[in-house]
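To start, the structure itself, in structure tokens.
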Amino acid sequence: MRTLPIATAFAVVFSSAALAIGTAGTAAADSSKSLPVKSSADIVVDGVHQHVFVSDPSNGKIVVTDYAGTVVKQITSLPGVIGMELSADSNTLYAAVRDADAVVAIDTTTQTESARYATGDGHYPQSVALAGGKLWFGYGASGGGNIGSLDLSGDQPVVTLDQDPNVFWYNAPMLDAAPGSNLLVGGESDRLGVYDVSSGTATRTATGNGSGSFGELQVTPDAQHVVVASGSPYYHQVFKTSDLTADGKYASDAYPNSVAIAPDGAVAAGIDGSYEPDVYVYRPGATTSVRDYDFPNTGQTSGSDLLATSGLAWAPDDSRLFAVTSNSEGIYSLRVLTDPTKAATAITVDAPATATRAKQLTVKGKVTSKLALPTGAKLTVTRTDLESTAGKALASVTVKSDGTYSFTDTPPAGGKVKYTLKYAGDADHSAGSGSDTVEVSRAATTLSLNNNGKVYAYGADVTFTAHLGTTYKNRKVEIWSDPYGSDKPNKLVKSGTVNSSGNLSVTLDLTRDAKITAKFAGDARYKPKTATSTVGAHVKVSTAVSGHYKTKSAWSHTYYYFHQSKDPVFTTTMTAYPGRKQRLQMQVYTQGSWQTTGTEYFELSSSGKSAVTVTGTPPTGYRFRVRDSYINASSGDTVNSTTHGAWKYFIFTS
């Protein structure tokens, strides 16, 4: 019996850290979606709820999206909203609402305004930062910039203005602080200032000069440095927070306007530039960028999209970098950049323009990346031709220390033959691919084998038919079956002469994925020929539910009803295999759709059984469902094809 705590299983409902679906950090393609905004002033990422907040001062609203960039909410009545800050527990988003002379608190669970704190008429708050147990805000019209604080620790909120009595700021300063720090850093125009706020008031400890056209600043997680993006110089400046002396830089280009620092210290340096990369990503402590992003244009615009000022933000786990861009038509987009701290991998492929069928040819090329590939790195090779239109895997090729590679191949079919090489990626590199085509002469017989790529039920009887084309004398074909798993050998299952239609068939009982191979040995006029068919076999899987007090038909399904105090038990029965695990997936119905709240793998017994008890105090009235699945590779083996059991629906009541 295994347990799955309710706070984990129902992460969406309880705002807990959701279990990852699939492998952590799995790279999806970079994506872009348009935003319903007329401007952009700041971007904040909520990792607990997996939401992204973008402030739009022109429309007086904050747009909320999910991690895919899909808009889930628009929070309005926030005239001139600019800077935002997320609370340490991710429950509250604070926003500086300039034209309402207020700091607004937003509940991140409901995405609605929960409180509004007035800063006084004509003070125009524009930035917010948490430090020393208080929320600090930069405010003031031109010529009257200053710093204020909001203390929420007492029975009543307390707003204190003029925290810098010497009036160091001309305009409202942009503020930032490291999480949990007592050090507050401000900047505007060409000025920088550092404050110790541990006493509850702001004591300026250092001042310094930056440069004009101030865009954004961020303090490093250790509070030792501040990184500044300003129109010049054409790189991102780094200053010590102790005395604001220069202490390095991050190379970028003209004109720096954004900076985002991940919890582990990775730095994304952004610029407002049309003819060079828009974002430069640095790993923690690195002095050269590991990845550069150049945003293409969206729509029918003539130029590329440009990064918005203060338009970068990291997901807390560093798996994604979010960027707000705009084009010449005023269309804003949210770009989701996956695996930003992995070096991009480019592969060139050079195959001969022409070749003779059944004669050896050589393919060569080079792999390039900002980081050298690991020693012995391999590329997968796929050959696509008229007989293997879906592509056929060839032997992998090892990349040499200088990034070059080469391999030989004997194309069995004529026509256009395409060679595609791929690198799967690793902890330091993203996946990459490249291809080239060669025109190959034709003079070969054909041999085919049906069912390639199909997946069947466990124990299905499947007929495989090999079809042989024109030959000289030999009309004999062998069919071999190689079930997945080291305990099952490759076996000859049929050998004989094809019929008058050129066919030879065999029926097999499929209990595992298998590679079926048809072999033609050749004759005096035709070369040997083989054809393969890789087929899949599902596992048997069923789920039993216990602990419920009744069942009822609702929403077109049978629902199991549980008392809130009763722990549900889900018992899985699945085709057994050594080391096999089943995946339990749980979903909740919210906002009009089913959303995954958690996935977890549980080991099966030697007889294929797994019982899981969901523990804790669940919410009542929500619709939930679970299903058990076998996931090829992730379930501990690659013997069968991915199989999903039926959903089981349930509800908790008081």
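Computed from the coordinates by the stated procedures, all read-outs in this text should not be read as laboratory data. Model, not experiment: these values are computed from the prediction. Using ideal geometry, Cβ is built from the backbone for each residue, glycine included, and neighbour counts are taken over all protein chains shown.
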>> Beyond a 29 Å Cα-Cα separation, which of these cross-linked pairs lie in this structure: K33/K648; K359/K519; K33/K61?
In response: K33/K648
> In the structure shown, do any of K378/K418; K422/K609; K515/K581; K418/K476; K422/K581 have a Cα-Cα gap over 27 Å, and if so which?
Replying inline: K422/K609; K418/K476; K422/K581
> Which three extents, in whole angstrom, do the alpha-carbon atoms of segment 566-654 cover along their principal axes, largest first?
Replying inline: 41, 27, 17
>> At a threshold of 8 angstrom on Cα-Cα distance, excluding pairs fewer than six apart, so keeping six or more, what relative contact order does the chain reach in percent?
In response: 9 percent
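For the ranges 428-436, 135-143, 30-38, what's the packing order if you count other beta-carbon atoms within 10 Å of each residue, average per peptide, and put the highest first?
Those peptides, ordered most packed to least, come out 135-143, 428-436, 30-38.
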> Treating the beta-carbon of each Lys and Arg as +1 and of each Asp and Glu as -1, no other charges, what is the dipole magnitude of segment 541-653 about its Cα centre, to the nearest 20 debye?
Replying inline: 320 debye
> Any idea what the dipole of segment 435-499 comes to, in debye rounded to 20, about its Cα centre with Lys/Arg Cβ at +1 and Asp/Glu Cβ at -1?
Replying inline: 360 debye
> Projected onto the charge dipole of the chain (+1 at Lys/Arg Cβ, -1 at Asp/Glu Cβ, origin at the Cα centre), which of A223, F602, G180 gives the Cα projection farthest towards the positive end?
Replying inline: F602
> From the square roots a ≥ b ≥ c of the eigenvalues of the alpha-carbon gyration tensor of segment 447-537, which class results: rounded (a/c under 1.5), prolate (a/b over b/c), or oblate?
Replying inline: prolate
> Along the charge dipole of the chain, which of A246, Y577, V97 sits closest to the positive end, that is, farthest toward it, with unit charges on the beta carbon of Lys, Arg, Asp and Glu (+1, +1, -1, -1)?
Replying inline: Y577
> What is the dipole size for segment 66-174, taken about its Cα centre, with +1 at each Lys and Arg Cβ and -1 at each Asp and Glu Cβ, in debye to the nearest 20?
Replying inline: 180 debye
> Measuring from a point 7 Å past the Cα of T617 along Cα-to-C-beta, which residues in segment 540-580 have an amide N at less than 17 Å?
Replying inline: 563-568
> Which Cα, out of T532, W314, W480, lies furthest along the positive dipole direction of the chain (beta carbon charges, K/R +1, D/E -1)?
Replying inline: W480
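What does the convex hull of the Cα atoms come to per residue for the chain, in Å³? Present the calculation step by step, with values, prior to reporting the outcome.
Details: hull volume 128.4 nm³, N = 654.
Taking only Cα atoms, the chain has a hull volume of 196 Å³ per residue.
Can you show me the helix-derived [θ] at 222 nm for the chain, built from DSSP H runs with n ≥ 4 at -39,500 (n - 2.57) apiece and divided by the number of residues, rounded to the nearest 500. Working shown, then result.
Values: 2 runs with 8 residues, N = 654.
That calculation yields 0 deg cm²/dmol at 222 nm.
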>> Would you report the distance distribution of C-alpha pairs in segment 213-341 as whole percents per 10 angstrom bin, up to the bin with the largest distance?
In response: 14, 47, 31, 7, 1
